[in-house]
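Throughout, read-outs are computed from the coordinates displayed, never taken from laboratory work. The model shown is predicted, which means the values in this text are computed figures rather than measured ones. Heads up, the Cβs are rebuilt from the backbone with ideal geometry, glycines too, and the neighbour counts pull from every protein chain shown.
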Ligand code: SF4
C-alpha cells in the first residue's frame, strides 16, 4: 500500500488512510471507500445511505463535470495520473476547487512523483499517494521550491502581479 | 526592454537551484537516465548524437548586451566557442557536459536568463516580431503581450504537462515576421475602427508530419481578455488533445478532428465559465508596457548626409544597406538586420567573438537592444543612420556583414544529420551548397526575396513546408535524398508548399534550385517574387525543367 501524504495548513504529513480503494469487481466491506466513477454511478445512492464516507476515483480521461451534482455528498475525489507526463488531472483538480468549490480531499493517485508536487498543490490537491517513495520531508521540500508564482490558481497564493502592488 | 525585478530573479534562481539538485542526483546514480530524462527536458537539456545540447530561452528574441556577452562567454568556456540561434529565437549550445550544466544555469541566472520551458510538453518560449518597437507598421508593441504571456506561462500549474509542446507567436504588424499562422496559437494584433486593440486568434497551425495553416477562431479579441481566452484554449487542449500518439498530439490535430467551428464552440463555452477574473489586472499590463517605452530617440532629419556619402563611396556598404537595413518608425533611424548566413557557414551559428562584436555595437550604437529573428539572424533595431557606416565596418571586420537578408542564401536549416539523432539527411551542407552557388551577389539581388527552408526529416524543424522553396531530407535505402516543395509561405500570405516531384539525390539539390531560379527569371512579370510567379504559373514549368534530364 502506498504511503498517504496529506497537506494540512501547508505542512505535508504522513497520514493514516481511512479509505479503502475498492476495485469494480471487488466486494464492498464496511468503512470508507474510494470507488470508480462507473461504480459510483451504479451504486452511489446505496453507498451513501450506508453511513460511510465515499470517495470517487476519476481516471485522467473522465471529466469532473460528471460529478457536478454529487460533489457535496463526496468526502474525497481521487484523480489519477496514468503516467507522469499525463497532465489532464491538473485541469480536473483545478475545476473541482475553483469551479465547483469542492471542499473535500483531492487526492493524487497513480504515477505521482515529487517533481510535480509543486504544481499539484497549486491546482488544489491536498493528498498524495507518491509512487516514488517520497517521504513527507521530501514531499514538503518539493512543494516549497519556488518563492513566487506567476499565476492565480486554486491554492490562493498571491501571484507576482499582486505582490508587486504591495 | 523589460527588466527583471526581484521576483522574476528569484523564480530563475529557484529553478537553477532545483536543477542543480537534480543533476547531483543523476551524477550520483540516485536517478537513472530514464528518470532523469523528463527532468532535464524541463530544463532544455537534450541528449544528442555526440553530446548534451542546452537550449537557452531568449524570450521573444530580445537580448541586452550583457546577456549576449554572457552567452558568448558560456560558448567559449563550456562549448566550442560558438552558439546556434534557432527558429524559436533561442540559442543552443551543442557540446555541453552534463556536470557543467548547473554552473551554466547559474551563469545564465546572473544575467536574468535561463532554460525554462525550452523543451518538454509545455508552453515554449513565446516568439514575437523581431522588429517590435522599431518598425513603423505595427499597431502596438507586441513585446508587451509576449511578456504578459511569458509570465503567465512560466511554471503554469495546470498547463505544464500538455499532450505536446505548445508554441505561441505574436505580431502587431501586417507584415508577419513570426510565422503566426503556423503556430499552435498565432496572435495578430489589430486595431478596431474605434481605435481599440485586439488580437486575431489563430489556432492549430503547425508543421511536422501533418502541416496546417491555422484557422482563425476569433477575429478580434480585446487585448484585456487575452489571458482568460488563452486559458480556455489551453484547457480544452489539455483535456481533449490526444495523448496516445505523439505524432497526433499537437493542438492542430484536435482542431482538425473537431472542425474549426466545434473547436471554437468548446473554447467559447469554456471561456464563458472562466470569466473576467482570469485576466491580468490593468496595473500589471501598464507596468510591463512602461518597461518597453523607455527607448530614448533623438529628433533627427530623415536624411543622413554622413550615411549617404559613405554609401555613395563604398559599394559594399551600399549593397548591405539595400538588403540589410529596414525602415524604422523614427526619422534618422534604421533597423539593421545581421545575417548569420555567411556563405559557407552554418545557418544561425555565431562565434563567441561575433556575439561580442554585436553586443558592443548594441551597447554603443543601439540603445542596448538586440533581437534574434525566427529566421536565425540578429537585429540591431535602433541604429542611427549616421552610425550605419561604423556599424557596417565593425560587422564586416567580424565576418557578419553578409548582405543577403531575405535573399536566396538567407536560408533556414535545421541541425540535420550533423547533430540530430532523428535526421535522415544533412541540412546544413545543403544550405552551404546552395549559398555557394549563389555567391554572386548581383545575381542573388536580381533573384530578390526568396525563402529556402531545409529540414533533415519530417519533423520539419527547418520549416520546409513554408519555404518558397522547401527541402526535406528523406532516407532512400540508406542514402540521403531530398524532397522539394514549392510555393510555401509562413508570412501573412501563409500557405503550404506543393510537392515538385520525386526526391533528388544529395548532389542534385543545389543544381535543381539553380534550375528553379532560371525558370523563375524567365517567367516572372514585373517585380514579382519567386513566390508570386510560382503562384501565378503553377508547378508545371518548374517541374519540367528540373526533371528534364530524367526523361
Ligand atoms: S527536422 Fe528532423 S533532423 Fe531536423 S532538427 Fe528536426 S528532428 Fe532533427
Exercise for the section: Could you grab the relative contact order for region B:305-398? Cα pairs under 8 Å, six or more apart, rounded to a whole percent. Expected result: 33
Fill in the blank from the handout: Footprinting proxy, B:153, A:89: sorted fewest to most Cβ within 10 Å, the residues are B:153, A:89
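Return the equivalent ellipsoid semi-axes of region A:4-165 as a descending list in whole Å, where each equals the square root of 5 times an eigenvalue of the C-alpha gyration tensor.
28, 17, 14
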Handout entry: Rounded to 10°, Cα long-axis angle of helix A:88-98 versus longest principal axis of chain A
Key = 90
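Sort B:372, A:33, B:213 by Cβ crowding within 10 Å, fewest neighbours at the top.
On the way: B:372 27, A:33 24, B:213 21.
So the ranking, lowest neighbour count to highest, is B:213, A:33, B:372.
Starting from the Kirkwood Rh over alpha-carbon pairs, what translational D in µm² s⁻¹ does region B:158-219 have by Stokes-Einstein at 4 °C and 1.567 mPa s? Write out the running numbers ahead of the final one.
On the way: Rh = 12.3 Å.
This corresponds to a translational diffusion coefficient of 105 µm²/s.
What whole-number volume per residue, in cubic angstrom, does the convex hull of the C-alpha atoms of chain B give? The partial results should precede the final answer.
Values: hull volume 87.2 nm³, N = 551.
In chain B, the Cα hull volume divided by residue count equals 158 Å³.
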Exercise for the section: Express as a percent, rounded to the nearest 5, the fraction of DSSP beta bridges in chain A (both residues included) that run antiparallel. Expected result: 25
Completion exercise
Rounded to the nearest whole number, the Stokes-Einstein translational diffusion coefficient of the protein assembly as shown at 37 °C and 0.692 mPa s (Kirkwood radius, C-alpha pairs) in µm²/s is 121
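Which order results if B:522, B:55, B:143 are arranged by neighbouring Cβ count within 10 Å, fewest first? Please report the intermediate quantities before stating the final value.
Numbers: B:522 10, B:55 23, B:143 27.
Listed from fewest to most nearby Cβ atoms, that is B:522, B:55, B:143.
Express the relative contact order of region B:174-317 as a whole percentage, based on alpha carbon pairs under 8 Å and six or more residues apart in sequence.
Numbers: 169 pairs, mean separation 25.1, N = 144.
Answer for region B:174-317 is 17 percent.
Find the relative contact order for chain B and round it to a whole percent, using C-alpha pairs within less than 8 Å whose residues are 6+ positions apart. Numbers along the way, then the final one.
Working: 1184 pairs, mean separation 69.7, N = 551.
The value is 13 percent.
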Exercise for the section: Give the Rg/Rh ratio for region B:1-141, taking Rg as the radius of gyration of the Cα atoms and Rh as the Kirkwood radius, to two decimals. Expected result: 0.99
Fill in the blank from the handout: The computed P(r) of region B:305-398 puts the percent of Cα pairs beyond 22 Å at 22
Completion exercise
Taking a ≥ b ≥ c as the square roots of the eigenvalues of the Cα gyration tensor, with a/c under 1.5 meaning rounded and otherwise prolate when a/b exceeds b/c and oblate if not, region B:385-540 is oblate
Problem - Distance between region B:219-240 and region A:44-75 - C-alpha centres, whole angstrom - result: 30
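Mean projection of the alpha-carbon convex hull of region B:214-292 over all orientations, in nm²?
On the way: hull surface 25.9 nm².
The number I arrive at for region B:214-292 is 6.5 nm².
Given only helices, namely DSSP H runs of n ≥ 4 each adding -39500 (n - 2.57), what is the per-residue ellipticity at 222 nm of chain B, to the nearest 500 deg cm²/dmol?
Values: 18 runs with 206 residues, N = 551.
For chain B, the value works out to -11500 deg cm²/dmol.
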Exercise for the section: Mind checking B:409-415 for the average number of partner chain beta-carbons within 10 Å of each residue's beta-carbon? Expected result: 0
Exercise for the section: Quickly work out the residue B:20-to-residue B:499 label distance, labels modelled 7 Å from Cα along the C-beta direction, and quote it in nm with one decimal. Expected result: 5.4
Problem - Extended-chain gain in nm, criterion 0.36 nm per residue less alpha-carbon gap, residue B:479 and residue B:258 - result: 75.7 nm
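How big is the shadow of the Cα convex hull of region B:149-265, averaged over all directions, in nm²? Kindly include the intermediate steps, with their values, before the conclusion.
Values: hull surface 29.7 nm².
Taking a quarter of the hull surface, the average projection is 7.4 nm².
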Fill in the blank from the handout: the protein assembly as shown: antiparallel bridges as % of DSSP beta bridges, rounded to 5, reads 65
Practice task
Sort region B:148-187 into rounded, prolate or oblate with this rule: let a ≥ b ≥ c be the square roots of the eigenvalues of the Cα gyration tensor; rounded if a/c is under 1.5, and if a/c is not under 1.5, prolate when a/b is larger than b/c, oblate otherwise.
Solution key: oblate
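Report, for region B:412-550, the % of DSSP beta bridges that are antiparallel, rounded to 5.
Numbers: 13 of 19 bridges.
Counting only bridges with both partners in region B:412-550, antiparallel ones make up about 70 percent.
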